Structures are given as C-alpha cells and as structure tokens.
Amino acid sequence: MQSSEKATLKKVIEEKSSKEQARQTVNWMSSSIEGQQALSEMIDRDAYLMEDEFLNVKISSVQSDKILSNILRDIRRKHIRKVTYGVAAVVIPLVLLLGWIVLSNPDAQIFGNPTYAEIYVPRGDNARIFFQDGTQAYLNADTKIRYPKKFGLFKRKVFLSGEAYFIVSPNKHRPFIVNTGSADVRVLGTSFNVKAYNDDEQIKVVLDEGKITFDTPTNRYKVAPGQQIVYDKTAGACTIQNLPQSSNISLWKYQITYLNDTPLSEVIRTLERKYDVSFRIKDREALKYTYTLTTRQTSLEEILSELQKIAPVKFMKKGAEIEVSLS
C-alpha cells in the first residue's frame, strides 16, 4: 500500500476526507485484492487491540460468525452500541467502513458468497500456484483445486481433490482451510502435504512446520511437526504417527519418486497419475510385494527398471498398457 493511499485511508477512518476520497477508498477496498488485504490488516490490528483490552480473551470461529452477523444487523439498523470507550474508538470507524463497502458494492464478496476458480492438473503433469495472500501450493498429477478468486476477511478456504503441498502465509485471524470432502485441514501458517484423491480409501496429511488441526465430522485432531495423520474414509478412523523424515513425503514436488514400504497397488496408482499410463495386473500374487525406493529418475522405463530389481515382479509394455506379472 502506497503512503498516499495510507494517508487517504487514515482521513476516511477519521472522517476527515472528502466524499470523493471516501467513495474511491470504498471502491478500492471492495474491488481489488490490495484493498481487501489492507482491510484485512486493519481488522487484524484492531482484533489484537480488542484482545488486549479484554485480557486476551480468545474468540472462536463460531463466535466470530455471530459477531459478524450482529455487525451487519447493526449496520442495517444504523445502530451501534458502545462498549468501552477505548475499544469503541477503534472498532466503530472500521465497522462503519465495512458498512459503506457492503452497501456501496453488494457484489464485493467481502462477506458474501465468493466467486470460485478451479484448476485441474492432468495426469503426467504438475503445477505450482500462488494465491493472493502469498500462500503457495504445489499440485501433483491428477489433482483438482477449487479456490475463491478473493479470500474472505475471516477465513481462507480451498477445496482439494488430489495431492498438494501448501506453504501458507501466516495470519492468526484468517485461518487457511483445506477441504478434502471428508475432512478439513485448518492452519494458521505452516507447511504441509495433503493427499486426498477421491478414489483413495485414505486421506493422508503430513506436517513439516507449524501447527494444524484435522477436523472430521466427529472429531478434531491436533498434528505436530514431523507427524502424519491418516484418515480412513470408510471407517471414519484416524491414526497419527511420527515420521523419521516428514519432508520425504513431499519430494514429488522436486520430481523425485519416494516409496517407503509402499504396496505395489499404491505404487501403480502413483505411476498411473504421474505418467498418464495404465497398468494391467496379470498375476494378483504380485500385489503382495512392497517397495522402498528414492530415485531422481524421470522416465517411466527407468523407474520400472529399478522396481524390477527390488522384487520378482515384471513390467512389460503391451500396447497401450503395462502388464504386471511375476518373474
């Protein structure tokens, strides 16, 4: 935000600006990413002041939704009650500004339903995207992510089907939420890997840094750095385990294939997504083998060659498919 914009915003908050300056500021905050980020920073700052005023009493997400409803109700009724003088001096100008934004631009998406964009990374490919708050996501093959074009002021929520590694910009008043269909991963600022393909029986989340909670329909689980949480979508059960090197799980974003006692069935699904190929199992007995491998080999032929050195299983290309049989 430029110094001139800061000065104008200060005048608007202090009710010292012209009507034209106020109108331009409201339009800027309601229609641009930079404006919404500035408004978010104001809310974060004022929330901190309010926490200090009330002896650091925390406000839950449910409570914050109720507070927002009350604010909008009071804006419509043009009635704002005073709390303590110090808090009122901070909050009332901001509430009025929010009211002006909502009333002047009903499509601003500050509080309402956002407009979503969607990215699909096909098999045989991967991608990296940046969100407007600075958060970045690496997307693995056969992954779809749906996200708002503009994040809301009170939460940042995306919807994932597939595998992604997130590096989330911290903001304690705007949690970043990854919805996987069966569960939510809620974070404030951290780095973690989510594997949640629709055709997989499990959802796996690995935390490298920071803090996350994993929310199922019935429970909330806290996950610490270096831990993996595995959620069985059918049974609705979770297990948490400590990993010797959690960052290995996300080596895929560097084009490194990492397997650790991985069943052949899972290896096949991984290779099908990564290389956009199909496997046909000729001998079901081959599925009893597991594989441990870390390789920088990029071609499918080279990886299959390395797999054949680990277990007595052959991979033969037959037409458009790769046939799997015992040696």
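The values are calculated or read from the model by the stated rules, or taken from the named source; none is laboratory data. Keep in mind that this is a model prediction, so the values were computed, not measured. Using ideal geometry, Cβ is built from the backbone for each residue, glycine included, and neighbour counts are taken over all protein chains shown.
The table below gives the values:
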item: Filter pass, residue 176 being surrounded by fewer than 21 Cβ atoms within 10 Å (Cβ to Cβ), in the same structural domain as residue 207 (by TED's automatic domain parsing) and of a type in the set (Phe, Trp, Tyr); result: no
item: Sole exception among (1) touching a residue at least 24 places away in the same chain (Cβ under 8 Å); (2) under 19 Å from residue 142 (Cα atoms); (3) touching a Leu at 6+ places or on another chain (Cβ under 9 Å) for residue 228, by number; result: (2)
item: Residue match in segment 201-214 (condition: in contact with a helix residue (DSSP H, G or I) (Cβ under 7 Å, 6 or more places away or on another chain) and over 21 Å from residue 129 (Cα atoms)); result: no
item: Elements of type strands (runs of 3 or more DSSP E) in segment 174-282, at least 3 residues being under 15 Å from residue 160 (Cβ atoms); result: 176-179, 184-187, 191-196, 202-209, 212-215
item: Candidate set: segment 285-327, residues that are at pLDDT 95 or above, of a type in the set (Lys, Arg) and loosely packed, with under 13 Cβ neighbours inside 10 Å; chosen: the one farthest from residue 270 (Cα to Cα); result: 309
item: Among (1) in a loop (DSSP other than H, G, I, E, B); (2) within 9 Å of the chain's Cα centre (by Cα), the one test that residue 158 misses; result: (1)
item: One residue from 266, 321 being charged (D, E, K, R) and touching a strand residue (DSSP E or B) at 6+ places or on another chain (Cβ under 7 Å); result: 321
item: Qualifying residue in segment 273-281 (condition: under 25 Å from the mean Cα position of the chain (by Cα), outside the structural domain of residue 179 (by TED's automatic domain parsing) and either closer than 29 Å to residue 208 by Cβ or touching a residue at least 12 places away in the same chain (Cβ under 8 Å) (or both)); result: yes
